[in-house]
1. For segment 80-110, give me each residue that is in a helix (DSSP H, G or I), free of Cβ contacts under 8 Å to residues at least 12 places away in the same chain and open to solvent by 80 Å² or more (accessible area, probe 1.4 Å).
2. Of the residues Val39, Val5, which is surrounded by fewer than 15 Cβ atoms within 10 Å (Cβ to Cβ), hydrophobic (A, V, I, L, M, F, W, C) and free of Cβ contacts under 8 Å to residues at least 12 places away in the same chain?
3. Does Thr57 satisfy being open to solvent by less than 60 Å² (accessible area, probe 1.4 Å), assigned to a helix (DSSP H, G or I) and β-branched (Val, Ile, Thr)?
4. May I ask you to list the residues in segment 11-21 that are in contact (Cβ under 8 Å) with a residue 24 or more places away in the chain and either part of a loop (DSSP other than H, G, I, E, B) or closer than 10 Å to Leu31 by Cα (or both)?
5. Just one of the numbered conditions (1) open to solvent by 60 Å² or more (accessible area, probe 1.4 Å); (2) under 30 Å from Pro70 (Cα atoms); (3) at pLDDT below 90 is not true of Thr52; which one?
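The values are calculated or read from the model by the stated rules, or taken from the named source; none is laboratory data. Every value quoted in this text rests on a predicted model; they were computed, and no experiment measured them. Note: ideal-geometry Cβ built from the backbone for every residue, glycine included; neighbour counts use all protein chains shown. Surface areas here come from the heavy atoms of the whole protein model, side chains and all, with no ligands, DNA or RNA. Shrake-Rupley method; radii C 1.70, N 1.55, O 1.52, S 1.80 Å.
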Amino acid sequence: AIILVHWLLTVWGCMNYILPLSYAWGNFSVLAVGIWAIVQRDSLDAITMFLTGLLLTVLTDIIHISISYPSHDFLSDANRFSMGMAIFSLLLKPVSCYLVYRMYRERGGE
């Protein structure tokens, strides 16, 4: 569910090309690692890399959104929706990090 929600919000955030390509590459690559963590349920490395990637994308998303946010004059409804979904994804990431951390602990992490 975490991967599906963040995938959908990232797709909607990248819809209008407001955010740079590095936003899409960063988020989709972390989601790919998340898929790896789902497939290999016994791997502690996979869930650790997924958690680390989520934490790093919190920082990079803040930078991407703050640099790329257009001025009020250039903010159409589609642009507003796209940026809103990117911000919503950013706000959900701490919750996702907590849930992934619980999975890390269940797999034997310290």
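1. Our first condition is that a residue be in a helix (DSSP H, G or I); within segment 80-110, this holds for 80-106.
Pick out the ones that are also free of Cβ contacts under 8 Å to residues at least 12 places away in the same chain and you get 80, 84, 91, 95, 98, 102, 105-106.
Within segment 80-110, Arg80, Leu91, Val95, Tyr98, Arg102, Arg105, Glu106 meet the criteria.
2. Testing whether each residue is surrounded by fewer than 15 Cβ atoms within 10 Å (Cβ to Cβ), hydrophobic (A, V, I, L, M, F, W, C) and free of Cβ contacts under 8 Å to residues at least 12 places away in the same chain leaves just Val39.
3. On the way: open to solvent by less than 60 Å² (accessible area, probe 1.4 Å): yes; assigned to a helix (DSSP H, G or I): yes; β-branched (Val, Ile, Thr): yes.
Considered against the rule, which asks whether it is open to solvent by less than 60 Å² (accessible area, probe 1.4 Å), assigned to a helix (DSSP H, G or I) and β-branched (Val, Ile, Thr), Thr57 comes out as yes.
4. Correct list: Cys14, Met15, Asn16, Ile18, Leu19, Pro20.
5. (3)
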